[in-house]
1. Only Cα pairs under 8 Å and at least 6 apart count here; give the relative contact order of the chain as a rounded whole percent.
2. Compute the normalised compactness of the chain: alpha-carbon radius of gyration over 2.2 N^0.38 Å, N being the residue count.
3. Label residue 108 and residue 136 with points 7 Å out from Cα along Cα→Cβ: what is the distance between them in nm?
4. What is the pair-distance distribution P(r) of segment 87-190, computed from all Cα-Cα distances in 5 Å bins starting at 0, with each bin given as a whole percent?
5. Pull out a ≥ b ≥ c, the square roots of the eigenvalues of the alpha-carbon gyration tensor of segment 124-164, then state rounded if a/c is under 1.5, prolate if not and a/b is larger than b/c, and oblate in the remaining case.
6. Using the basic label-point model (7 angstrom from Cα toward the beta carbon), what is the residue 63 to residue 38 distance in nanometres?
7. Report the calculated FRET efficiency for residue 74 and residue 122 (r = Cβ-Cβ distance, R0 = 35 Å), to the nearest 0.05.
8. Given the Cα-Cα distance of residue 129 and residue 175 and 0.36 nm per residue of separation, how much length would full extension add, in nm?
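Every number in this text was worked out from the coordinates using simple rules, so none of it is lab data. Small disclaimer: the values here were computed from a predicted structure and weren't measured. Backbone-built Cβ (ideal geometry, glycine too); neighbour counts: all protein chains shown.
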């Protein structure tokens, strides 16, 4: 498998789960400004032109939530994903979809150019107003636990970690989101997360002058 990623983007979630899984994979870094990678024009490989993308023996997969499910299903010796058709299985799907549709996309300002969130007070305030109620809902779900479902690490948690990482990078702070802050710190203690953050280095820009 080969993961196409950009540092600090949502592909961070898939990178973390790949390391957690112990599966064999390689990395290909994508420049989100130029849409280029070492092999050429990323848009030719992936017309969506964003990350993550995962090259498998059966073809290319895109969309973070889908790739997380794919990785979890390949790692048969792990318990990243619950048994099919159990309540926990559907909860995992529910939260993956919630993060993808209600959080991930709402972190992106309508004023963006390309993949960037412009560094203006107006755009940050707008994004914060949209994401805070959604973050608060997850914060309440995390009461008394470090991970989102049954206090056990699953395929959902790396995706949620991307969101808490963006909270830090945008300097939103964790006021009234103390459970999310505890989750974020618990994730940062995991060896796989530390390894991935060190490997990826300085994140790609969320703001125009980052």
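1. So the answer I get is 25 percent.
2. Cα Rg divided by the expected 2.2 N^0.38 Å: 0.98.
3. According to this spin-label approximation, the distance is 2.6 nm.
4. Reading upward from the zero bin: 2, 12, 24, 25, 18, 11, 6, 2, 0.
5. Verdict is oblate for segment 124-164.
6. 3.0
7. Computed FRET efficiency for residue 74 and residue 122 comes out at 0.20.
8. 15.2 nm
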